[in-house]
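Engineer: Structure incoming, see below.
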Amino acid sequence: MSASAEGNARAAGYTPHPYVGGRTAALRALAAWRMRWPGAPRVIVLTGNPGSGRSRLLTGFLMMCDPEYRKQLPIDDLDPATVPPDLPAPAVPSAAGRTAAQVLWLLADHFELAAGRTEDVFAELAARDEPVTIVVPDVDQAGPVRAAEEATRVVREVLTPLAATETVQLLADVPRELATELAGALPASQVQVIDLDAPEWADPKGLVLHAETALDAGAGAPELPYTTDPAARRALAEALATRAAGSRLTVQLAVQSLLMQPEGFDPADASQLPTSVGEALDLHARRLGADPQTLRLMLAPLAFAEGDGLPVQLLGTLANAVAGRDMSQDLADGMLLAAPFIQPVEPSSEDDENGTGEDAEAGAGDGRTLLRLMHPALAEEIRSGLPDVRDTQTRIAMALLEEVPQQDWAQADPYIRDHLAAHTLEAGLLPQLLTDPGLFAHADPVTLRAAIEAVPLEQLGAPARTYLRTAPLLTRSQASATLRAAFLESAFVEDGLAPYAEALHTRGFRLPWRTLWSVPLAGVRAVTTGSVAAAGEDGTAVSRSVAALLVPEGTPGSRTLPAAADGAVAPQDGTGAADGTAAGEDAGAVNGDGAAAAGGRTALLLHDLRAPEYVDADPSQVVQPSEEDRAAAPLGFSRGADYLRVWARADRRMVAALVSDSPVTDADLSPDGVLVVATERGVTARQILVAAPPAAPSVPAQRTGTTDADASHGLEGDHS
């Protein structure tokens with residue numbers, strides 16, 4: 001299988017692939033891999049220079065692998081050796097814009113695996129009786145944040161383990177700098193590297209055909225001497241392909257340039273034909289009488305754009321920032337100049353995660369147009385021509401920050417909200433940005449998390465570490481901005497960052513609760529709410545609302561109930577849960593029987609229900625709400641292994657939904673709406689806010705000694 005296959009295929013009269021237009025040698029190798037031909041490798045690593053046509057080749061091959069799409073192709077006219085067998089379509093988890101974990105969980109969902117951890121995915125695939133076929137395209141575009149180098153993680157955490165799994169037949173499109181690493185992890189007999197720029201895989205005649213087709217007036221090109229005359233068209237196509245030295249992107253840009261603005265182009269002048277992507281830019285500008293550097297400055301904001309592209313309304317602002325001068329006239333006069341290198345993009349539905357209901361964000365889902373460059377290699381060419389990329393990113397980040405109205409993230413353009421962190425990451429300024437809890441709540445958690453995880457942990461402040469600890473919960477739950485704010489509010493209180501929690505109550509969110517206190521108390525078996533007589537500051541007895549916590553005997557501050565008092569403090573079960581789950585179900589009883597069921601001797605620890613302090617009182621004197629009190633309470637709740645729902649008894653309307661990042665061991669809801677939840681992490685009390693947040697007391701200062709949040713160690717188990 002070599003380049004000689006191209007000539008043999010044409011000599012036999014076969015029709016070129018209508019989308020690929022050549023690449024017979026590579027298509028034959030891919031078809032042999034798909035049919036598991038004897039001697040064919042189990043793993044193929046497809047690579048090449050940016051702009052070599054890897055994506056186009058892979059797309060054309062996948063057209064033939066899809067049973068429905070191949071019906072639209074002239075299969076019978078193609079070289080039979082390039083046509084894969086008619087089998088079910090392979091799994092194709094595109095890496096573009098996704099994290100390594102997201103790619104892996106796409107596979108888990110596709111194959112309906114029961115895996116709960118990343119290593120389980122590979123184990124379940126390895127245990128299959130029949131091999132599975134997986135194609136992973138666009139690894140060079142992996143990750144929601146450019147500077148986070150997610151492609152390396154995809155190769156090391158997803159592709160390398162997949163390639164080592166004997167039941168997996170893998171084809172991956174990988175940038176050259178990672179192709180050798182991936183191939184080197186396997187025995188030579190199991191892997192083949194197809195480098196589209198290597199002589200044995202090159203397709204110069206296919207490149208001529210590609211240019212000739214693009215120049216054909218019969219295929220949509222404007223009527224010009226070199227598009228209507230077959231001989232002239234062929235001659236120009238050959239000259240373009242020769243000058244481009246195998247780069248399909250260079251040919252594509254050159255053709256688009258001369259077809260969109262043919263004035264001043266002489267097909268007989270080879271010096272007007274580019275030899276590289278950069279030359280395609282500069283020749284185009286000179287032919288139209290413009291300064292090449294001006295064109296590059298106009299395109300520079302798009303070269304730094306994150307996500308799907310840059311909103312057109314931000315182009316001028318960022319062009320001014322990059323150039324350090326007013327570019328408005330250049331942009332007004334030069335959009336036709338830039339047109340061959342730009343494509344408009346409609347934002348995906350995922351961009352409007354909060355586009356409905358009370359969480360609708362300004363600017364999201366409004367039909368705005370995004371702009372991006374024609375190819376990532378074009379962006380790299382423009383970036384490489386700038387004197388200082390980090391300084392340019394700093395200018396862009398500052399300009400974006402100035403576009404946030406009154407620093408209110410709810411009013412910020414969705415692009416700024418979701419991607420400012422990516423720009424500040426490459427500028428080296430991200431840690432300084434991570435101080436506003438409003439940004440934490442409004443920004444896309446997948447993108448923000450990827451940016452923060454790219455910063456060394458020791459450079460992050462406590463709020464950012466809290467965010468990293470909470471991020472898996474935010475992405476897994478696909479929470480709205482309001483619910484993200486609620487989860488973060490609790491996380492800040494848990495980590496001793498009460499001012500950040502309080503700030504979220506001033507950012508315009510209608511939070512479902514106010515977190516009153518949290519204690520990192522492990523081993524809590526059960527909780528219940530009630531009241532107890534305790535000594536006041538003047539020594540007189542006062543009634544205090546408390547949370548009674550069933551803890552292992554010996555826990556500091558706890559008291560073991562005397563035998564006569566067993567059963568005095570028992571959890572309430574049967575809240576009338578909408579899903580039939582009793583609030584106290586599986587909690588055990590806060591008495592002697594419960595202690596036995598829990599597998600050890602236990603004691604009671606009393607905590608003030610509304611303040612971050614323990615109560616020194618006789619636990620046997622705790623009085624729980626009566627059944628009548630609970631039945632008359634306006635709220636009820638139900639729970640599962642790691643979630644709770646609070647609902648209004650009057651109309652069964654859910655007023656709060658809580659998802660925990662660790663298993664819930666027990667929970668109770670006081671008649672006046674304080675929800676106390678015990679998890680494997682500790683115990684947290686939240687005042688449920690049914691209506692708009694009342695003028696409640698500020699979140700009190702937390703105990704000293706609470707440790708800072710640990711950083712996340714990856715996206716394991718995160719299916720978002």
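The values are calculated or read from the model by the stated rules, or taken from the named source; none is laboratory data. What you see is a predicted model; the values in this text were computed from it and never measured. A quick note on method: Cβ atoms are made from the backbone with ideal geometry, for glycine too, and the neighbour counts reach across all protein chains shown. Please note that ligands, DNA and RNA were not included when accessible areas were found on the heavy atoms of the full protein model with its side chains. Shrake-Rupley method; radii C 1.70, N 1.55, O 1.52, S 1.80 Å.
Engineer: Compare Asp79, Asp282 by solvent-accessible area with a 1.4 Å probe and give them largest first, with all protein chains kept in place.
Structural biologist: Details: Asp79 10, Asp282 30 Å².
Highest to lowest solvent-accessible surface, that is Asp282, Asp79.
Engineer: Cα-based Rg of region 493-537 per 2.2 N^0.38 Å, rounded to two decimals? Intermediate values should be presented prior to the final figure.
Structural biologist: Numbers: Rg = 14.9 Å, N = 45, 2.2 N^0.38 = 9.3 Å.
Here the answer is 1.59, to two decimals.
Engineer: Above 19 angstrom, tally the Cα pairs of region 606-661 and express them as a % of all pairs, no decimals. Could you put the intermediate results ahead of the total?
Structural biologist: On the way: 826 of 1540 pairs.
Counting pairs separated by more than 19 Å, the tail of P(r) holds 54 percent.
Engineer: Also: Could you work out how far helix 389-402 tilts from the main Cα principal axis of the chain, as a 0 to 90 degree angle to the nearest 10?
Structural biologist: The angle comes out near 50 degrees.
Engineer: Something else: How many angstrom lie between the C-alpha centres of region 261-310 and region 72-108?
Structural biologist: Cα centroid of region 261-310 versus Cα centroid of region 72-108: 34 Å apart.
Engineer: Here are labelled values, (1) 3, 10, 15, 18, 18, 15, 9, 5, 3, 2, 1, 0, 0, 0; (2) 3, 11, 14, 13, 12, 10, 9, 8, 6, 5, 3, 2, 1, 1, 1, 0, 0, 0, 0, 0; (3) 3, 13, 19, 20, 17, 12, 8, 5, 2, 1, 0, and one is the computed P(r) over Cα pairs in 10 Å bins from 0, in percent for what I pasted. Which one?
Structural biologist: (3)
Engineer: Based on DSSP H runs of at least 4 residues, each adding -39500 (n - 2.57), what is the mean residue ellipticity at 222 nm of the chain after dividing by all its residues, to the nearest 500 deg cm²/dmol? Please list the in-between numbers first.
Structural biologist: Details: 27 runs with 266 residues, N = 720.
Here the helix-only value at 222 nm equals -11000 deg cm²/dmol.
Engineer: Can you give me the relative contact order of region 29-105 as a percent, contacts being Cα pairs under 8 Å and 6 or more apart? Working shown, then result.
Structural biologist: Values: 51 pairs, mean separation 24.9, N = 77.
In percent, rounded to a whole number, it is 32.
Engineer: Now a separate question. Within 14 Å, Cβ to Cβ, of Leu635, how many net charges do the neighbouring residues add up to if Lys/Arg are +1 and Asp/Glu are -1?
Structural biologist: Values: positive: Arg630, Arg639, Arg645, Arg649, Arg652, Arg653, Arg686; negative: Asp629, Asp651, Asp668, Asp672.
Local net charge: +3.
Engineer: Right, next: Kirkwood Rh, Cα Rg: Rg to Rh for region 187-288? Intermediate results must be reported in sequence, preceding the final value.
Structural biologist: Details: Rg = 15.3 Å, Rh = 14.3 Å.
Ratio value, two decimals: 1.07.
Engineer: How charged is the neighbourhood of Val193? Take every other residue with its Cβ under 14 Å from the Cβ of Val193, and add Lys/Arg as +1 and Asp/Glu as -1. It would help to have the intermediate numbers written out before the result.
Structural biologist: Values: positive: Arg42, Arg54, Arg176; negative: Asp173, Glu177, Glu181, Asp195, Asp197, Glu200.
That sum, taken over residues with Cβ under 14 Å, equals -3.
Engineer: Could you work out how much longer the chain between Gln190 and Arg325 gets when fully extended? Use 0.36 nm per residue separation minus the Cα distance between them, nm to one decimal.
Structural biologist: Stretched fully, the Gln190-Arg325 segment lengthens by 43.0 nm.
Engineer: Within a Cβ distance under 15 Å of Thr506, other residues only, what is the Lys/Arg minus Asp/Glu net charge?
Structural biologist: Counting the neighbours of Thr506, the net charge comes to -1.
Engineer: Can you list the residues, at least 5 places off or on another chain, whose amide H is less than 5 Å from the amide H of Thr665, using H built in the peptide plane?
Structural biologist: Those lying under 5 Å, H to H, from Thr665 are Ala678, Thr679, Glu680.
Engineer: Relative contact order of region 436-566, please, whole-number percent, based on alpha carbon pairs below 8 angstrom and at least 6 residues apart. Show your work: numbers first, answer last.
Structural biologist: Details: 124 pairs, mean separation 23.0, N = 131.
Value for region 436-566: 18 percent.
Engineer: A further question on this structure: Evaluate the distance, in nm, between pseudo-label points positioned 7 Å from the Cα of Thr560 and of Met63 along their respective Cα→Cβ axes.
Structural biologist: For the pair Thr560/Met63, the computed spacing is 7.9 nm.
Engineer: Leaving ligands, DNA and RNA out of it, work out the accessible area of Lys205 with a 1.4 Å probe and give it in Å² to the nearest 10.
Structural biologist: Accessible area, nearest 10 Å²: 130 Å².
Engineer: In whole Å, how far is the Cα centre of region 423-489 from that of region 193-212?
Structural biologist: 44
Engineer: With axes computed from alpha carbons, what is the tilt in degrees of helix 204-215 against the longest principal axis of the chain, rounded to the nearest 10 within 0 to 90?
Structural biologist: Between helix and principal axis, roughly 90 degrees.
Engineer: Can you give the relative contact order of the chain as a percent, counting alpha carbon pairs under 8 Å and 6+ residues apart?
Structural biologist: On the way: 1335 pairs, mean separation 72.0, N = 720.
This gives 10 percent for the chain.
Engineer: While we're looking at this one, here's another question. Give me Rg over Rh for region 438-504, both radii from the alpha carbons and Rh done the Kirkwood way, two decimal places. Don't skip to the end; give the middle numbers.
Structural biologist: Values: Rg = 11.0 Å, Rh = 11.8 Å.
So for region 438-504, dividing Rg by the Kirkwood Rh gives 0.93.
Engineer: Take the Cβ-Cβ distance between Asp120 and Ser94 as r, set R0 to 25 Å, and report the resulting FRET efficiency rounded to the nearest 0.05.
Structural biologist: Details: r = 23 Å, r/R0 = 0.91.
Step by step, r from the Cβ atoms, then E = 0.65.
Engineer: Based only on the alpha carbon positions, what is the Kirkwood hydrodynamic radius of region 47-89, in angstrom?
Structural biologist: Values: mean 1/r = 0.0885 Å⁻¹.
About 11.3 Å, per the Kirkwood formula over Cα pairs.
Engineer: Also, I was wondering about something else. Test of understanding: what is the full-extension gain from Glu177 to Leu457, defined as 0.36 nm times their sequence separation minus their Cα-Cα distance? Don't skip to the end; give the middle numbers.
Structural biologist: Details: separation 280, 0.36 × 280 = 100.80 nm, distance 2.68 nm.
Separation in residues times 0.36 nm, less the Cα-Cα distance, equals 98.1 nm.
Engineer: Take peptides 504-511, 602-609, 398-405 and line them up by average Cβ neighbours within 10 Å, highest first, as a rough protection proxy.
Structural biologist: Values: 504-511: 17.6, 602-609: 23.4, 398-405: 15.9.
In descending order of packing, they fall as 602-609, 504-511, 398-405.
Engineer: Any idea what diffusion coefficient region 126-200 gets from Stokes-Einstein, in µm²/s, Kirkwood Rh on alpha carbon pairs, 20 °C, 1.002 mPa s?
Structural biologist: On the way: Rh = 13.3 Å.
Estimated via Stokes-Einstein, D reaches 162 µm²/s.
Engineer: Right, something else. Kindly express, to the nearest 10 degrees and within the range 0 to 90, the angle between helix 100-110's C-alpha long axis and the longest C-alpha principal axis of the chain.
Structural biologist: 90
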